[in-house]
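Presented below is the structure to which this report refers.
No value in this document is a laboratory result; all are computed from the given coordinates. Predicted, not measured: the structure shown is a model, and the values here were computed from it. For neighbour counting, all protein chains shown are included, and Cβ atoms are generated from backbone atoms with ideal geometry for every residue, glycine included.
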Amino acid sequence: GGGLYMSGGGTITNTIIRNNTSTVNGGGVYLAGTLTKSFVGCTIEGNTGVEGGGIAYAMAGLLADIVDCSFVGNNATSRGGGIAVLGTTSLGIVITESCIFEMNHADFGGGAIWVSDLDVFRGVNCVFRENIAETDGGVVRNEQTFQATNCTFYNNSAVSPTAADSFHTYRSDANTNLLNCIVVNDSANSNQGPGNFVNTYTLLPEGPTGTPNASGNFDANPMFVDPMGTDGDASNDFMLMPGSPAIDAGNSRGDLANISVLDTMFDLNGDVRNLDDPATSNTGVSTWELCVDLGAYEFQPTPAGPACVVDFVQDGILDVFDVFEFLNQFNAGCP
């Protein structure tokens, strides 16, 4: 670990791990041992390592829990620009919640994530944008299990002309599963590889245009507020505009790897999940008439405010004509 080596248990909170280099795995952080580790509110940025430019996870059998963290501009000279999950002898599990992975890079596979052949990566309410892999899997090279619920994947890419932009489900026994997600990339194929690519209630290029299929998948413009930002930097805004087809299009009863959509109370912005938009018809699966949106952000409809009591002309404009109408009503004795 170029910046931090952690073999015991514990929580790292509100910490910046930046511009570190390792000639082995874990440019920013190397996690070892058998005790659970947690990272909350941390920034892992500009680090370089062999496997896992930001974090290399080599724990045996337990998990790392990563919440409200940002992985920005990390580089792996091999695989896993942001995180490499490489449990050495038994199952390793990494869970990320409300995290951002942006502009990470791998010289080989997995621009943001590499999951080795024993391991599991789960993401909830995360954004993956503009991560790059030179050979395969701009988001992930997945050799076992990659699961994402309510995540947004935008303009990730693999440089190799034969590779899909976002996901490489590398082994025949590997599983890549998306639930209530949004995938936007330049190529028509988001995934390559012999493994299982199974998705439900997800907007992605492989879905039919416009109308969802039996699995709830479809392809459309998600209508992000400002995906490129003012200059393509961290001001990118992946919240949904009014009228987005991703609003009320998810499965509120969905459950992926024992992570229930109903148990996910807030989105990446800390706003309430499963919030119905009265102006949008539910195209997903609702619970109590509430239907979750797709992606990392839940659309927050603006409640109708009270009518302006001094707009006497009722033309939506306050001007001198409202004054005249008030005087007319006053002189007429109108209460």
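At-a-glance table
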{"read-out": "Using alpha-carbon coordinates, inclination of helix 320-331 to the longest axis of the chain, degrees", "value": "50"}
{"read-out": "Among 189-200, 104-115, 319-330, 205-216, the order from most to least packed when residues are scored by Cβ within 10 Å on average", "value": "104-115, 189-200, 205-216, 319-330"}
{"read-out": "Relative contact order %, the chain, counting alpha carbon pairs below 8 Å whose residues are six or more apart", "value": "9"}
{"read-out": "Furthest towards positive pole of dipole, Leu91, Thr48, Phe101, structure part segment 25-172, Cβ charges", "value": "Leu91"}
{"read-out": "Whole-angstrom gap from segment 151-213 to segment 44-122, using each part's C-alpha centre", "value": "19"}
{"read-out": "Helix-only CD estimate at 222 nm, as mean residue ellipticity for the chain, using -39500 (n - 2.57) per DSSP H run (n ≥ 4)", "value": "-1000 deg cm²/dmol"}
{"read-out": "Isotropically averaged projected area of segment 50-128, using the convex hull of Cα atoms (one quarter of hull area), nm²", "value": "4.2"}
{"read-out": "Debye, to nearest 20: dipole size of the chain, +1 on Lys, Arg Cβ, -1 on Asp, Glu Cβ", "value": "1300"}
{"read-out": "Proxy reagent accessibility, fewest Cβ within 10 Å first, across Val225, Val124, Val292", "value": "Val225, Val124, Val292"}
{"read-out": "Rg/Rg_globular for the chain, with Rg_globular taken as 2.2 N^0.38 Å and Rg from C-alpha atoms", "value": "1.16"}
